[in-house]
Amino acid sequence: MDSIWHFFRKTRMFIVRIRILYIVLFFLILIGCKSENKNSEILVENIEELNIPTELTSYYKDVDFNLQGEDLKESLAITTIAKHSRFLEYYERHRYLYKADEDPSNSKNVLLIYSGESRDKSEFYSSSNKHRPQTFNTEHVYPRSFIENTAEADLHHLRTAAIKINEQRKNYPFTAGSGKHKLISNNSWYPGDEWVGDISRMIFYLNLRYNEDFESVGNLTLFLKWNAQDPVSAIEIQRNEIIFKAQGNRNPFIDNPYLASLIWGNPAAKNRW
């Protein structure tokens, strides 16, 4: 009798284990379905068709633009990272930055971020620069002290800025505002109406390329709003081409700010393709 009892007991335990296994498998399948549903959500309403310009088709040939959300971000990141063929030393920025930030209306000058001032290229701040006065230096839009990787010398987020204004901005996160650049509540920075789009697209690039977070410098909702509010400017297009030649990779959100909408959602920015 004992042997029969043990047999039935083992059989019952086996059946219980099978049931538990089925329950676990059911929840795993359910979670998988939810993940698929999440990835297939429509992030922007009335998705617009993408017609990539002929001059960019080769560069973006490996990106699957039928994707959305994190899937599109991953595909775009792979190309952005792979194409980054030259890693500059920080001191090398002087060779390219002033050409990238060149004033479109005066090739002898650079156009400064935040203030929009046009300054003589020779006025850059450096101990090796004998020119006087020295009125502008390098602004890390994503603060240098927050970065622990090779992004320090990545030209896609370096901009020329007036020294005094750069000192005002410090490492403060970006915040909502209006009008000209200003310090808000002594702990946040508004870049100025004409620069909000530039800022957001540089931050998007840092997140895509280096996985730098949004919270250290503001928030995603604000950057998406700015991206839609302020269209790509001539200086951004110019910078993207110069930096592409210097580093090998592009800022895709300058090529088309609508890509940010497809990845992170509304509001939808202008589709340049």
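The values are calculated or read from the model by the stated rules, or taken from the named source; none is laboratory data. Keep in mind that what you see is a predicted model, and the values were worked out from it rather than measured. Here the Cβ positions follow ideal geometry from the backbone for every residue, glycine too, while neighbour counts run over all protein chains shown. Areas reflect the complete protein model, heavy atoms only, side chains present, ligands, DNA and RNA absent. Shrake-Rupley method; radii C 1.70, N 1.55, O 1.52, S 1.80 Å.
Remarks
- Glu117 accessible area, assembled protein chains, probe 1.4 Å, Å²: 70 Å²
- Under a 5 Å amide H cut-off, with hydrogens placed 1.01 Å from N, Asp213 pairs with nothing among residues at least 5 apart or on other chains.
- Rounded to whole Hz, the Karplus (6.51, -1.76, 1.60) HN-Hα couplings of the range 162-168, x for glycine and proline: 4, 4, 5, 6, 4, 5, 5
- Across Lys61/Lys225; Lys73/Lys225; Lys108/Lys270; Lys99/Lys225; Lys61/Lys108; Lys83/Lys182, pairs whose alpha-carbon gap is larger than 26 Å: Lys61/Lys225; Lys108/Lys270; Lys99/Lys225; Lys61/Lys108; Lys83/Lys182
- Here each label is just a point 7 Å from Cα along the line to Cβ, and for Ile52 and Asn171 those points are 3.8 nm apart.
- Rounded to whole Hz, the Karplus (6.51, -1.76, 1.60) HN-Hα couplings of the range 261-271, x for glycine and proline: 5, 5, 8, 10, x, 5, x, 6, 7, 5, 8
- Mean accessible surface per residue for the range 124-243, computed with a 1.4 Å probe while every protein chain stays in place, in Å²: 43 Å²
- Coupling constants for the range 112-121 follow from the phi torsions by the Karplus curve (6.51 cos²θ - 1.76 cosθ + 1.60, θ = phi - 60°), and in residue order they are 7, 5, 6, 8, x, 6, 9, 10, 4, 4 Hz; glycine and proline get x.
- Three-way shape label, the range 121-223, alpha-carbon gyration tensor, a/c 1.5: oblate
- For Ile184, the amide hydrogen comes within under 5 Å of the amide hydrogens of Trp189, Tyr190, counting only partners 5 or more places away or on other chains and with H modelled in the peptide plane.
- If you take the Cα centroid of the range 45-98 and the Cα centroid of the range 163-225, the two points sit 22 Å apart.
- Amide H contacts under 5 Å for Glu139, placed H, 5+ residues apart: Arg159, Thr160, Ala161
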